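Notes for the one structure printed next.
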Amino acid sequence: MRNRILFLLVFCGLITSASAQSDFNRFNFTVGGGLGIGRGEVASFVGNSYQGVVGGGVNFSRMFGADAEYMYYDLGLRPSVSQSQSLNGASGNLQSVSLNGIVNVPRHYGKLGAYGIFGVGFYRRSVSANKESLPFGAICQPAWARWWGINCVNGGIVTPQTLSSFSKDAGGFNFGGGVTYRLSRLYNAKLFIEGRYHRAYHSDGQTIVFPITVGLRW
């Protein structure tokens, strides 16, 4: 444990030293959360939701940088969808890890700034519901086939199956931008608001979300 603490202190010291020796921060960090706006099937099954993001990376210059980010996006179903499609106790989420490029607008207006961001990532969509046996002849519901991996033929169940938990992985991309406001405290952190479009190409259909995030950047 002492070795880990020593390593962390040395690492933080190196970051501080590197930042002090340049006219811009060599490293960037992001934390935030806010509203998630669903598109396509996410809009139909979930509607609007909540999400959070955390990340960190490197600034190559005042204008260009890169970061890696983790996003958690809640996919809790609408009550009407859960009831009408017999998905008792249903819940879900979309988690992603992305590598992004950042382009800062060189011109600032006082403490206000702006940036664009774009990247590619890995997306895992996970859903669960109370375990239920689906007999032959049962009428197939849209969410069963699209998000729970239930095999439906001509709108019906042709072989007995079990509905419970299911996950699907895919690659995808994102792009967006935001506005920042530099604070005079918190180590000159920047308050930001950002809109970002995410699309993941799952084999059972595209998963599209548009998170609006408010948070801090360093």
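The values are calculated or read from the model by the stated rules, or taken from the named source; none is laboratory data. For clarity, every value in this text was computed on a predicted model and none was experimentally measured. Neighbour counts run over all protein chains shown; Cβ positions are idealised from the backbone, glycine included. Ligands, DNA and RNA are stripped out before the accessible areas are found, and what is left, the full protein with its side chains, is counted by its heavy atoms. Shrake-Rupley method; radii C 1.70, N 1.55, O 1.52, S 1.80 Å.
Pairs meeting the criteria (first residue in the range 192-217 and crowded, with 17+ Cβ neighbours inside 10 Å, second residue outside any strand (DSSP E or B) and hydrophobic (A, V, I, L, M, F, W, C), beta carbons under 6 Å, at least 6 apart or on different chains) are Val209/Val42. Looking across Ile117, Ile208, one residue alone is closer than 19 Å to Asp67 by Cβ and part of a strand (DSSP E or B). It is Ile117. Applying the condition of being not in a strand (DSSP E or B) and not charged (D, E, K, R) to the range 39-51 and asking which residue is most open to solvent (accessible area, probe 1.4 Å) yields Ser44. Of the residues making up the range 173-190, those that are open to solvent by 80 Å² or more (accessible area, probe 1.4 Å) and either in a strand (DSSP E or B) or of a type in the set (Lys, Arg) (or both) number 4.
Any residue at all in the range 140-152 that's free of Cβ contacts under 8 Å to residues at least 12 places away in the same chain and either open to solvent by less than 30 Å² (accessible area, probe 1.4 Å) or more than 19 Å from the chain's Cα centre (by Cα) (or both)? Taking every residue of the range 140-152 in turn, at least one turns out to be free of Cβ contacts under 8 Å to residues at least 12 places away in the same chain and either open to solvent by less than 30 Å² (accessible area, probe 1.4 Å) or more than 19 Å from the chain's Cα centre (by Cα) (or both). Only one of the numbered conditions (1) outside any strand (DSSP E or B); (2) in contact with a Ser or Thr (Cβ under 8 Å, 6 or more places away or on another chain); (3) closer than 18 Å to Ile212 by Cα is violated by Val54, and that is (1). Name every residue in the range 50-73 that is more than 12 Å from the chain's Cα centre (by Cα) and within 17 Å of Tyr123 (Cα to Cα), in order of residue number. Scanning the range 50-73 gives a single hit, Asp67. For the range 147-172, a tally of residues being assigned to a loop (DSSP other than H, G, I, E, B) and within 19 Å of Leu77 (Cβ to Cβ) returns 4. When Ile102 is tested against (1) in a strand (DSSP E or B); (2) surrounded by fewer than 17 Cβ atoms within 10 Å (Cβ to Cβ), only condition (2) is not met.
When restricted to residues that are under 21 Å from Gly76 (Cα atoms) and either among the small types (Gly, Ala, Ser) or part of a loop (DSSP other than H, G, I, E, B) (or both), the range 120-146 contains 7. For the range 84-96, does any single residue satisfy the condition of being farther than 19 Å from Thr207 by Cα, open to solvent by 60 Å² or more (accessible area, probe 1.4 Å) and part of a strand (DSSP E or B)? So far as the range 84-96 goes, no, none of its residues is farther than 19 Å from Thr207 by Cα, open to solvent by 60 Å² or more (accessible area, probe 1.4 Å) and part of a strand (DSSP E or B).
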